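Read the figures in this text as sums done on the coordinates, not as results from a lab. A quick note: this is a predicted structure, and the numbers were derived from the prediction, not measured. FYI the Cβ positions are ideal-geometry reconstructions off the backbone, even for glycines, and counts take in every protein chain you see.
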Amino acid sequence: MAVKSLIEGIREALVEEMERDPRVWVLGEDVGRKGGVFLATDGLQARYGEARVLDTPLAESCIVGVAIGSALNGLIPVAEIQFADFIHPAFDQIVSEAARIRYRSNGAWSCPIVIRAPFGGGVHGGLYHSQSVEAFYAHVPGLKVVIPSTPADAKGLLKAAIRDPDPVLFFEHKKAYRSIRGEVPAGDHVVPIGAAAVRRPGTRLTCIAWGLMTHYCLEAAETVAAEGIDAEVIDLRTLRPLDRGTILASVRKTARALIVHEDNLTGGFGAEVAAIIASEAFEHLDAPVTRLAGPDVPAMPFNRPQEEAFMPSPEKIAAAMRRLAAY
Amino acid sequence: MAPQPLRENRVEMSEEGMASASTAPRARRLALGLGPERLLTMYRQMLLARALDQRAWALNRQGEAPFVISGQGHEGAQVGAAAALRPGVDWVVPYYRDLALCLAMGMTAREFMLSVLARADDPSSGGRQMPSHFSLRRARIVTISSTVATQVVHAAGIAYASQLRGLDEVTITTLGEGSTSSGDWHEALNFAGVHRLPLICLVEDNSYAISVPRRLQMPIASVAERAHGYDMVGADVDGSDPLAVYEAVSQAVQRARAGEGPTLIRARCTRLTSHSSDDDQRRYRPAEELEEARCSDPIDRFRAYLREEGLLTEEAEGQLQRECGEEVEAAVEAARAAPLPDPGDLERHVYAEG
């Protein structure tokens with residue numbers, strides 16, 4: 001199997017899906033001639049033309065609204081929001097429109113769209129190129145929220161998202177785009193939406209994460225393994241629908257849970273995972289459910305010391321694992 | 001893509017057009033190619049819409065319908081627009097005042113009443129949405145929300161898909177003049193202008209967004225003037241005259257189908273009722289203005305026109321009124337007898353089933 005980067009996994013999925021289904025089209029800012037600011041759509045316009053790989057005006061609500069309309073008229077749009085930080089102007093189109101089209105029409109209409117957006121920090125992106133926005137959308141019934149952490153999943157989950165009959169938000173960690181490499185199956189590799197993956201089996205505690213944090217948790221797990229703490233690491237892969245079964249089976253086994261995310265603590269998606277564990281696995285717990293998350297400041301600063309202070313790191317995660325194991 | 005030369009735009013004013021309401025009515029309808037039968041069908045659609053609308057208000061005041069929002073005073077613009085479109089082929093992305101438009105495009109009186117009484121068989125939403133949030137898939141009437149102008153962007157996307165797929169379809173979207181203040185409206189028209197989409201944006205300008213007058217929405221007299229900025233044709237027409245709107249929309253359809261791009265039409269309408277059943281417009285509109293509004297009732301004006309044309313006798317008028325009244329009562333009875341939504345279905349259709 002070929003070893004590829006996460007962004008190559010994304011691109012491979014786009015090419016294969018556009019090749020397979022003429023209804024699939026791509027739109028967003030700079031996705032055409034430039035191939036996207038991260039080059040996720042590099043080469044697509046040359047291959048499929050300006051109409052199917054469309055450079056849109058700089059207007060996020062327009063990007064999502066046009067995607068919705070095109071889906072109502074038989075196309076399958078893959079909209080790119082250049083940075084997750086810029087998705088907020090499209091919040092109304094995503095939450096009031098895309099998420100509710102099936103429900104409010106009693107099943108008469110549907111909205112099969114994919115919205116891709118790079119998210120996450122640690123790249124000196126400052127306040128407006130570092131955000132994690134998954135909690136806003138994971139809150140909304142009618143949407144699916146997918147976050148791949150490996151190149152193989154990037155390809156397989158994006159293919160599943162494009163074939164999904166409902167709106168899917170697909171968040172890609174920008175720091176993982178090139179730093180994370182792995183084997184990517186050739187051909188029609190599809191990973192079902194809604195299934196978490198146990199990335200490292202363990203017995204002492206359960207660590208739950210998504211995106212780049214999965215890799216940081218794995219790194220931390222190796223560190224504490226040398227000290228005799230055997231951590232299990234779960235990559236959620238999909239926040240909505242959430243794979244509660246995998247989370248609960250693991251916590252019932254280890255009796256300890258640590259949830260890690262970059263998004264700030266309060267109201268982050270970790271709160272939902274913690275609540276599920278507290279209510280469904282209470283009698284199995286030997287320690288309080290623990291969260292390690294970004295601090296409750298408005299966004300991630302640009303300067304190095306404060307960015308590092310904001311971001312969870314393998315060291316901070318290892319420390320949290322030690323505390324939890326010792327409880 | 002090679003840059004396209006700037007085209008000379010214009011705002012077409014119907015008063016200066018070839019088909020003026022005040023002169024030579026017969027020549028006018030002949031020029032528009034509308035036969036007596038079409039005209040009487042249009043008139044009947046207006047009457048039916050008005051009767052249904054009034055009946056919905058009565059149901060509200062009697063405590064049977066929790067909420068009603070009205071299209072009274074807009075029927076001329078809507079029926080005129082519908083007459084220029086192909087039901088089931090062209091796309092309709094409406095807003096909540098478009099009862100007459102939806103009826104003319106294929107919704108039935110019974111289907112409307114099912115939504116007023118929020119019954120399970122309501123084709124717009126199965127009783128989930130407030131009434132007048134129209135949707136009817138078989139007629140290509142697209143589901144809408146209560147937020148304003150979001151649907152205009154969907155209309156642009158639908159039209160883009162028609163263009164990309166090479167389909168001979170036109171999309172019409174409607175909204176009130178207040179909603180043109182929103183960013184989505186600009187984003188949609190800008191996109192439509194850039195790609196010369198087969199799109200018609202019909203602004204039903206009744207001078208009020210709930211209580212806020214037009215002069216606080218825009219610094220210009222006619223929103224059609226904004227067409228220049230999107231490199232599209234703008235037209236300003238008398239929305240109480242269905243023939244004027246028919247003419248403007250027909251021309252827009254021709255342009256769209258010929259690949260000549262979108263059209264922005266402002267139809268000057270009048271709002272005969274309060275914004276909704278929860279509003280009382282006497283709080284913010286002077287009595288003389290309300291009296292004046294009744295003088296531009298599109299139904300009275302079209303009736304007078306048909307009478308003048310010799311196409312509508314008093315007897316035929318009475319017959320039409322009776323038919324519409326019966327149709328409305330049958331619709332109310334059918335809706336009353338129809339089952340309510342099942343609370344067990346609350347969680348259905350969040351995602352695809354099966």
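Structure notes:
- Note on region B:24-339: antiparallel DSSP beta bridges, both residues inside, total approximately 15 percent of the bridges counted.
- Exercise: per-residue mean of other protein chain Cβ atoms within 10 Å, B:129-138: 2
- Projected label distance in nm at B:Asp345 and B:Val89, using a 7 Å step from Cα toward the beta-carbon: 3.3 nm
- Remark: spin-label model distance A:Glu315-B:Ala221 equals 7.1 nm, labels positioned 7 Å along the Cα→Cβ axis.
- Using a cutoff of 8 angstrom between alpha carbon atoms and counting only pairs six or more residues apart, the relative contact order for chain A works out to 17 percent.
- Contact order normalised by residue count of region A:197-326, Cα under 8 Å, 6+ apart, percent: 29 percent
- For B:Asp300 and A:Phe302, the FRET efficiency from 1/(1 + (r/R0)^6), where r spans their Cβ atoms and R0 equals 56 Å, is about 0.30.
- Between the amide H of A:Val26 and those of A:Val53, A:Leu54, A:Val78, distances stay under 5 Å, these residues lying 5 or more places away or on another chain, with hydrogens modeled in the peptide plane.
- Take the Cβ atoms of A:Arg178 and B:Leu30, set R0 to 45 Å, and the FRET efficiency comes out at 0.05.
- Sequence-ordered 3J(HN,Hα) estimates for region A:53-67 from the Karplus curve with 6.51, -1.76 and 1.60 and θ = phi - 60° stand at 10, 9, 7, 8, x, 7, 7, 5, 5, 5, 4, 6, x, 5, 4 Hz, glycine and proline given as x.
- DSSP beta bridges in the protein assembly as shown [antiparallel fraction, %, rounded to 5]: 20 percent
- Folded to 0 to 90 degrees: helix A:244-254 orientation relative to chain A principal axis, Cα: 20 degrees
- Each DSSP beta bridge with both residues in region A:197-326 is either parallel or antiparallel, and the antiparallel ones are about 20%.
- Length-normalised contact order for region B:24-339 - Cα pairs under 8 Å, 6+ apart - percent: 23 percent
- Close Lys-Lys pairs in the protein assembly as shown, where close means Cα under 22 Å and separation is 8 or more or interchain: 17
- Between A:Val15 and A:Val198, the FRET efficiency from the beta-carbon distance, with R0 = 41 Å, is close to 0.85.
- Put simply, the amide H of A:Arg240, placed in the peptide plane, has neighbours under 5 Å in A:Val145, leaving out anything fewer than 5 places away on its chain.
- The Kirkwood hydrodynamic radius of region B:24-339, based on inverse pair distances between different Cα atoms, is 19.6 Å.
- Label-reachable residues, region B:51-74, where backbone N falls under 18 Å from a point 7 Å from B:Arg283's Cα toward its Cβ: B:61, B:67-70
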